[in-house]
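Have a look at the structure below before the remarks.
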Amino acid sequence: MKKDKKRILTGDRPTGKLHIGHYFGSLENRVKLQDEYETFILVADVQALTDNFNNPEKVRENILETTIDNLSAGLDPDKCTFVVQSMVPEIAELTVFYSNLVTVSRLQRNPTIKTEIAQKKELFGNSGESVTYGFLGYPVSQAADITAFDADVVPVGEDQLPLIEQTREIVRKFSSLYGEDVLTEPQAILSKNTRIKGLDGGTKMGKSLGNAIYLADTDEDISKKVMNAVTDASKIKKDDPANPEVCMVAYYHKLFSKDNLDTIFEECRNGSRGCVNCKKELIKNIINKLEPIREKRRYYEQHKDEVQKILEEGTKKARKITKETLKNVKKAMKIDYFEE
Ligand code: TRP
């Protein structure tokens, strides 16, 4: 199928609400790119199940939630196509064929997988029993996601780069074995702010520890979280000078208060800025930034049938492309024995 524009495929695991780390790390970038590229957003429920096979209800509940987060962040349903991964069986078929093109040891050496296996061992002990075949193979399935759509580019955060590299290797292997010009080797587009720290000064904003601000948070949620944020512990009195470099409120001002940043840092350093006022200014700016996002969320939450339709129609449209890819793949592999 001929493409008018270059194509994007990217996606999220539907496992929970998205937070501002996701916003700055990927959503904002997607919104910017949607005019230039034909964009497909995959709600990656099959991949989510590799970690949540014992809790499919959680994945089910988050399909609409994740889609609403993307729509609220500014992805336009007239420009982007939303797709439910498990409803595209061609992805699963491609995964089976690609699984011959990658060794187990290569998957175990994939830096993203390596980190995740280490985390699992920490949680479940060293037996390795927590690492399923499906989990180890999810980079193969992600290669199937990307190539099924014949995507040219994949906008992602830093932690996903090894997965895109794995896809590129699988494509090269496929091409050398079965023929060039069947699959496209995708490029990653890296977002700038891929590692937003938590309000507690933790290394990364995460769903645990209450260190995350969600796109769906209320004014009170935001106020409470910012009021509890970690500041320079050496500052005792309101007019003590402080070091903004060790303060999470200052760190967040960098994201939300760009217009007033020099003043904020100067006043913090010279002691003319109390932490309470400084936090209030941040709360106001976060609320202002998130308000248009929350407004869209309110709309979609009241029109869930519309979201459902976006997913159904998007998936239908996607399969026109993925069916063609699978056909070309089977033909190249010489396993196109007869028409269905
Ligand atoms: N691995 C991604 C994540 O954990 C989700 C994902 C699934 C994805 N398939 C994809 C991202 C294809 C980019 C392209 O967030």
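The values are calculated or read from the model by the stated rules, or taken from the named source; none is laboratory data. Because the structure is a prediction, the values reported are computed rather than measured. A quick note on method: Cβ atoms are made from the backbone with ideal geometry, for glycine too, and the neighbour counts reach across all protein chains shown. Just so you know, the surface numbers come from the protein's heavy atoms only, side chains and all, with ligands and any DNA or RNA stripped out. Shrake-Rupley method; radii C 1.70, N 1.55, O 1.52, S 1.80 Å.
State yes or no: is LYS2 closer than 21 Å to LYS79 by Cα, surrounded by fewer than 24 Cβ atoms within 10 Å (Cβ to Cβ), basic (Lys, Arg) and away from the ligand (no atom under 12 Å from the Cβ)?
Judged against the criteria, LYS2 is a match.
Could you please find all residues in region 184-208 being modelled with pLDDT under 95 and either small (Gly, Ala, Ser) or open to solvent by less than 20 Å² (accessible area, probe 1.4 Å) (or both)?
Selection gives SER191, ILE196, GLY198, LEU199, GLY201, GLY202, MET205, GLY206, SER208.
Just one of (1) in a loop (DSSP other than H, G, I, E, B); (2) near the ligand (Cβ under 10 Å from one of its atoms); (3) of a type in the set (Gly, Ala, Ser) trips up SER130, so point out which.
Going through the list (1) in a loop (DSSP other than H, G, I, E, B); (2) near the ligand (Cβ under 10 Å from one of its atoms); (3) of a type in the set (Gly, Ala, Ser), SER130 breaks only (2).
Cβ-Cβ below 7 Å, separation at least six or inter-chain, first residue in region 56-79 and in contact (Cβ under 8 Å) with a residue 60 or more places away in the chain, second part of a loop (DSSP other than H, G, I, E, B): which pairs?
Filtered contacts from region 56-79: ILE63/PRO14; ASP69/LYS17; ASP69/LEU18; ASP69/LEU215; LEU71/PRO77; SER72/LEU215; ALA73/LEU215.
Consider ASP145 carefully, then state whether it is open to solvent by 10 Å² or more (accessible area, probe 1.4 Å), within 12 Å of the ligand (Cβ to nearest atom) and of a type outside the set (Gly, Ala, Ser).
For ASP145, the condition - open to solvent by 10 Å² or more (accessible area, probe 1.4 Å), within 12 Å of the ligand (Cβ to nearest atom) and of a type outside the set (Gly, Ala, Ser) - is not met.
Filter region 151-183 for residues that are away from the ligand (no atom under 13 Å from the Cβ), surrounded by fewer than 20 Cβ atoms within 10 Å (Cβ to Cβ) and not in a helix (DSSP H, G or I) and give the result.
GLY179, GLU180, ASP181, VAL182
On the given criteria, is LYS334 at positive phi and open to solvent by 30 Å² or more (accessible area, probe 1.4 Å)?
Criteria met by LYS334.
Which of the residues spanning region 22-59 are of a type outside the set (S, T, N, Q), within 12 Å of the ligand (Cβ to nearest atom), assigned to a helix (DSSP H, G or I) and closer than 24 Å to LEU255 by Cβ?
Once the filter is applied, which keeps residues that are of a type outside the set (S, T, N, Q), within 12 Å of the ligand (Cβ to nearest atom), assigned to a helix (DSSP H, G or I) and closer than 24 Å to LEU255 by Cβ, region 22-59 yields HIS22, GLY25, LEU27, ARG30.
Pick from LEU255, LEU311, LEU261, LEU282: which is farther than 30 Å from ALA148 by Cα and at pLDDT 95 or above?
Exactly one of LEU255, LEU311, LEU261, LEU282 is farther than 30 Å from ALA148 by Cα and at pLDDT 95 or above, namely LEU282.
Does region 66-88 contain at least one residue that is over 22 Å from the mean Cα position of the chain (by Cα) and outside the structural domain of LEU290 (by TED's automatic domain parsing)?
No: region 66-88 contains no residue that is over 22 Å from the mean Cα position of the chain (by Cα) and outside the structural domain of LEU290 (by TED's automatic domain parsing).
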